[in-house]
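Down below is the structure, laid out as structure tokens.
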Amino acid sequence: MQEEYTIKDLERLTGIKAHTLRIWERRYALLKPGRTSTNRRRYDATELKRIINVSILNRSGIKISAIAALSDSEIESKVHDLLSGTSNADTEIGALIVAMLDTDADTIEEIFHKSVMVRGFENSFTELVFPFLTRVGVMWQTGTVDPGYEHFVSAFFRSKLIAALELLSPPDSGSKGKVLLFLPENEWHELPLLFYGYIARHVGYKTLYLGQATPLDSAVIIAERWNPDFVVTGLVTTFTGIDCCEFAGRIKSAFKDRRLLISGLLTNISDEELPPGVSKISSARELRTALSAT
């Protein structure tokens, strides 16, 4: 598949206004678009990667005229040097997008490893990984990137979460309680839930992770057997066909007296429509607060 992008796609993905991109194209020949049958500009993946790298250097203070004098390899080298000396999330996200389009797992590993050294594991997900994946999700939903790229980077970061979970010591007999985590049917985007499972384990709770696309009846059966103190669920996409308010009512009825924590799109439910005993969480900090409110 050959990816093609409009100038509006480039504007959305780089943060550089279309007007500015046209100036860079005319004055400095930084972009060399093709044309559709109706004479609209069309850009390929090479153009996208170049302009992301150009935007990274320009935001770092390098004049666009100086960047235009560089070859593609020199631009890439300067971006690599810049990444070695910065912890700016916007710069790193741009570099991650380029690495994703090149299916360059080594560079993604390098950027993530450096972030963990600077920010720590948890903050690397909240400040870098999830904002990056949100950008990728927009690219996928607007048809500007093949879903295979999203699967590639999601699988990479999923492996990091699983490895981190395996390094945590099992909760002892004096654990704070139990947390059951599941995603409803037709929801396959599990990274946020897996991250919440990591947080719950990290603060001393026993966790049981049912994961993706779990029928509600099955989650209820497991809950009756395992007897968790908290149940955590959420929605990431709008493609599940689930009505958020109706689903919140169903899980409240299904899990009765257990504390319910909902995330993602479910947090769009208004407080007035939220069933009693159901709390919304939108961050690791909010999850920690909710778990401590026993």
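The values are calculated or read from the model by the stated rules, or taken from the named source; none is laboratory data. For clarity, every value in this text was computed on a predicted model and none was experimentally measured. Here Cβ is always computed from backbone atoms with ideal geometry, including for glycine, and neighbour counts include all displayed protein chains. Just the protein is used for accessible areas: all its heavy atoms, side chains included, with ligands, DNA and RNA removed. Shrake-Rupley method; radii C 1.70, N 1.55, O 1.52, S 1.80 Å.
Laid out as a table, the results:
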{"quantity": "SER115 surrounded by 18 or more Cβ atoms within 10 Å (Cβ to Cβ) and polar (S, T, N, Q)", "calculated": "yes"}
{"quantity": "ARG258 vs. criteria out of contact with any Pro (no Cβ under 8 Å at 6 or more places or on another chain) and of a type in the set (Lys, Arg)", "calculated": "no"}
{"quantity": "Residue within the stretch 30-40 that is touching a Ser or Thr at 6+ places or on another chain (Cβ under 7 Å) and either surrounded by 17 or more Cβ atoms within 10 Å (Cβ to Cβ) or modelled with pLDDT of 85 or more (or both) present", "calculated": "no"}
{"quantity": "Any pair with Cβ under 6 angstrom, 6 or more apart, that starts in the stretch 107-123 at a residue that is within 15 Å of THR91 (Cα to Cα) and ends at one that is surrounded by fewer than 17 Cβ atoms within 10 Å (Cβ to Cβ) and among the small types (Gly, Ala, Ser)", "calculated": "VAL118/SER87"}
{"quantity": "Any hit, the stretch 213-224, residues being open to solvent by 20 Å² or more (accessible area, probe 1.4 Å), outside any helix (DSSP H, G or I) and within 21 Å of THR267 (Cβ to Cβ)", "calculated": "yes"}
{"quantity": "Test: ARG50 is over 25 Å from the mean Cα position of the chain (by Cα) and closer than 26 Å to THR6 by Cβ", "calculated": "no"}
{"quantity": "Condition broken by SER263, with the remaining ones in (1) outside any strand (DSSP E or B); (2) of a type outside the set (A, V, I, L, M); (3) touching a strand residue (DSSP E or B) at 6+ places or on another chain (Cβ under 6 Å); (4) touching a residue at least 60 places away in the same chain (Cβ under 8 Å) satisfied", "calculated": "(1)"}
{"quantity": "The one condition in (1) part of a helix (DSSP H, G or I); (2) open to solvent by 80 Å² or more (accessible area, probe 1.4 Å); (3) not charged (D, E, K, R) that THR238 fails to fulfil", "calculated": "(1)"}
{"quantity": "Odd one out for PRO275, checked against (1) outside any helix (DSSP H, G or I); (2) more than 28 Å from PRO131 (Cβ to Cβ); (3) of a type outside the set (Val, Ile, Thr); (4) open to solvent by 30 Å² or more (accessible area, probe 1.4 Å)", "calculated": "(4)"}
{"quantity": "Selection status of LEU210, aliphatic (A, V, I, L, M), more than 21 Å from the chain's Cα centre (by Cα), closer than 24 Å to ASP257 by Cβ and modelled with pLDDT of 95 or more", "calculated": "no"}
{"quantity": "Some residue of the stretch 159-176 being among the β-branched types (Val, Ile, Thr), touching a residue at least 24 places away in the same chain (Cβ under 8 Å) and over 24 Å from ASP90 (Cα atoms)", "calculated": "yes"}
{"quantity": "Condition check for GLY94: among the small types (Gly, Ala, Ser) and without any contact (Cβ under 8 Å) to a residue 12 or more places away in the chain", "calculated": "no"}
{"quantity": "Residues of the stretch 278-294 classified as in contact with a Leu (Cβ under 8 Å, 6 or more places away or on another chain) and open to solvent by 20 Å² or more (accessible area, probe 1.4 Å), total", "calculated": "2"}
